Amino acid sequence: MKNSLSPSLLTWLRCFDAVSRNGSFTIAANELHVTQGSISQQVKKLEEYLGVTLLHRGGKTFSLTREGARLSLVSGQAFQSLNQAVDKLRQTHMRKDAPLNLSCSPSFAMLWLTPRVGDLLREQEGMSVRIYGEFHSLDRVGMSVSGIQVGIRFDPGHYSDLHADRFLSEWLVPVASPDFLKRHPEIRSMHDIPTNTMLHDSSAWHNAPPTVEWDTWLEGMGETPPKHNGVHFNLSQLAIVAALSGQGIAMGRIALVYDELVSGRLVVPVPFAVPSKGHYHLIFKNELMGTNAHLRDWLYDAGKRFELDRDDLLNQFGITKLSL
């Protein structure tokens, strides 16, 4: 039977799948690394070829027609199956010395993963890892296009087309420098913390509310979160650096401030820890094999060891763990 799926038709279908799956021309264009205008033109060419309208367009929004919804279901399943087959073949036949491409949340990469990755490389002689500090959301197609085998993200772990395995839980504690607390001896409880001294990571994870971590801790303490007017950063590490330099009180993820607490460069002014709504997940597309499986096993072991060390530290410092 003659194959009617020409290269042009496959391109049009690929663009339509990205648009219908993401619900946005802009996101689809970013995913496929083309312009929004190009995506729109490819979808129009597909409609002309099929002789049907696939999208109801209304200004900056659109919805799928009945025919568009039907095609979206079929094309989505087809491209997902194709991606899975290609990824599995690549994993199965990947050279043992080929580098593992890992996309990781930047603050976690800098403050937790990088100081420990040498242990992994010593355990797996000849293994090569490329770590990319990125905090955009991950999806199956994007990982395939960018050549990312696995990802690490700090978030609630809800993924529709990827596996997300938690390997490390997270707890939140307020942290400040000893010098800051010397200058503010009035701070003895959570009620004494002025909102203008609160340092925020306003991008804790993709689409997270900008004050989610302070709000989570305050709710865990039984308080109604106030209107915040402190300083906001787009990386947790920046809020930590601000706290280290005496600029205010950051809401610290213990995995990121552990070493600073041990050294005494940061202290906990109100000794209560609250479970975070985000945790650390290993993100992957298909069954892990080879170096990917080695990374998974090492992360699980390292995460368990760190959780034990973390709980010992909390006990040592008299920090009480609360539940939400």
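For the reader, a short list of remarks on this structure follows.
- Pick from the stretch 82-112, criterion of a type in the set (G, A, S) and at pLDDT below 80, ranking: surrounded by the most Cβ atoms within 10 Å (Cβ to Cβ): A98
- Number of the exception - V19 against (1) farther than 30 Å from Q149 by Cα; (2) at pLDDT 90 or above; (3) β-branched (V, I, T): (1)
- Search result, residues across the stretch 224-241 that are in contact with a strand residue (DSSP E or B) (Cβ under 7 Å, 6 or more places away or on another chain) and under 22 Å from L266 (Cα atoms): G230, V231, H232, F233, L235, S236, A239, I240
- Search result, residues across the stretch 57-82 that are of a type in the set (A, V, I, L, M) and either closer than 12 Å to D17 by Cβ or outside any helix (DSSP H, G or I) (or both): L64, L71, L73, V74, A78, L82
- Here A164 fulfils each of the conditions (1) in the same structural domain as M110 (by TED's automatic domain parsing); (2) in a helix (DSSP H, G or I) apart from (2).
- I148, sole failed condition from (1) assigned to a loop (DSSP other than H, G, I, E, B); (2) not assigned by TED's automatic domain parsing to the domain that holds L299: (2)
- Among the residues of the stretch 295-307, not a single one is hydrophobic (A, V, I, L, M, F, W, C) and within 19 Å of T197 (Cβ to Cβ).
- Any hit, the stretch 277-285, residues being assigned to a loop (DSSP other than H, G, I, E, B), surrounded by fewer than 20 Cβ atoms within 10 Å (Cβ to Cβ) and in contact (Cβ under 8 Å) with a residue 40 or more places away in the chain: yes
- Answer from A273, A302 - the residue that is buried (at least 16 other Cβ atoms within 10 Å of the Cβ), in a helix (DSSP H, G or I) and touching a residue at least 12 places away in the same chain (Cβ under 8 Å): A302
- Within the stretch 22-64, being in contact (Cβ under 8 Å) with a residue 60 or more places away in the chain and crowded, with 18+ Cβ neighbours inside 10 Å holds for E31, L32.
The values are calculated or read from the model by the stated rules, or taken from the named source; none is laboratory data. Small disclaimer: the values here were computed from a predicted structure and weren't measured. Using ideal geometry, Cβ is built from the backbone for each residue, glycine included, and neighbour counts are taken over all protein chains shown.
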